[in-house]
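Presented below is the structure to which this report refers.
What follows draws every value from the coordinates through simple rules; no lab data is involved. Everything numeric here is computed off the predicted structure, so don't read it as measured data. All Cβ positions, glycine included, derive from the backbone under ideal geometry; neighbour counts span all protein chains shown.
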Amino acid sequence: QTGSGAHRHSNPFYRHFGPDVTGMFTADTGAYGIKAVATLRLVQTPKSTAYMSFRFETLAECLEAQVEIARLSICSECYGFDPYYNDGFEKQGITFEEGVSIVGKVARKGGLKALGKAAKLAMAGKKFLNGVPYSLHMTFDGLSDVVTNEHQEIAAEICLRHGGTEMVNSIPTVFRAEPFGGVRTVLLGSEGELWLPVHGFFPLSRAVEAGATTERFFEENRELMEKHNIRTSYLTCFSGAEFVIEPSFYWHDELGEFRLSLIEEEFAEKWKDIPADLETRKVVLELREKLATLFDELGACHLQIGKYYDYQGMITNEPLKGMLKGIKTMVDPEGKMNPGCLGLE
């Protein structure tokens with residue numbers, strides 16, 4: 001136990017009873033052991049929630065609005081999609097049963113007031129994002145409608161000032177009602193493609209630069225990607241003061257038994273004969289590595305550090321490296337826990 005959970009007469013309400021030892025185990029990527037029990041503070045369900053979406057003509061305009069909104073801490077959720085991601089929503093193959101389930105949840109969570117909203121969602125489907133260059137989606141929570149409406153108005157003014165145009169807010173409404181999609185939408189692209197992501201966490205001050213770097217990289221490699229029919233997308237979001245951009249590469253390749261076993265039968269039957277494409281796979285892996293390197297040169301931080309993303313090589317503080325290795329030796333002397341994570345064996 002860590003923090004006040006280790007106190008003889010207390011309970012786990014406070015991390016900083018002494019040094020923040022809890023923090024050693026919250027971002028160790030499994031290198032220091034298995035977390036068997038965690039204590040989380042409960043928060044009250046917001047009494048008021050509002051949703052809003054805007055479209056932008058350029059990524060720079062979208063990111064400038066997103067960063068300004070992030071600095072005000074007025075959104076519970078705020079995420080953006082690029083043109084390919086937007087068009088992909090129409091092709092994701094939501095089944096009738098899934099659609100009814102999602103609309104039903106929207107209606108139930110909002111009572112009678114949400115029935116009209118649910119009906120509009122059902123009629124709009126996902127076609128409203130087709131042809132949208134860049135989209136930004138926001139969710140506002142508060143203890144009263146006055147608070148959420150005020151925050152919504154502030155965000156709207158920011159979006160308008162940066163060239164945005166308001167659009168139907170189906171995406172944030174549906175995502176709040178059904179935040180976790182089916183396994184297929186996580187494993188594969190909308191047309192059965194494999195996809196491989198790469199991400200970077202940046203300070204808000206570098207969000208626009210990170211976006212420009214991503215777009216420039218894709219443009220420089222456009223001819224190569226067109227030759228191999230590689231498509232790309234990226235989503236953006238923030239959490240507190242951290243901006244995240246996650247580009248992804250999509251290409252047709254053999255799905256394999258693992259993926260086929262996890263998707264719906266109708267889609268498995270449709271895509272089971274897609275042949276392997278080792279040459280394109282190699283190109284994708286090389287492109288991903290180059291983009292990850294560009295992100296690192298911009299000062300990106302990552303998840304999955306020490307396996308795909310370099311950790312030890314990015315640290316210039318030798319005493320810190322020694323401390324990390326010392327803790328590993330103490331808590332896992334035989335090196336059995338997730339070897340390679342944090343760059344530790």
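Among the residues of the range 252-283, just one is over 14 Å from Trp195 (Cβ atoms), surrounded by 16 or more Cβ atoms within 10 Å (Cβ to Cβ) and aromatic (Phe, Trp, Tyr), namely Phe267. The range 142-230 holds strands (runs of 3 or more DSSP E) entirely within its bounds, and those carrying 2 or more residues that are within 18 Å of Ser73 (Cα to Cα) and touching a residue at least 24 places away in the same chain (Cβ under 8 Å) map to 200-203. Which residues, taken from the range 254-309, are under 24 Å from the mean Cα position of the chain (by Cα), over 26 Å from Ala27 (Cβ atoms) and not in a helix (DSSP H, G or I)? Those that are under 24 Å from the mean Cα position of the chain (by Cα), over 26 Å from Ala27 (Cβ atoms) and not in a helix (DSSP H, G or I): Leu255, Ile263, Glu264.
Note on the range 21-39: residues that are outside any helix (DSSP H, G or I) and within 15 Å of Leu303 (Cα to Cα) amount to 5.
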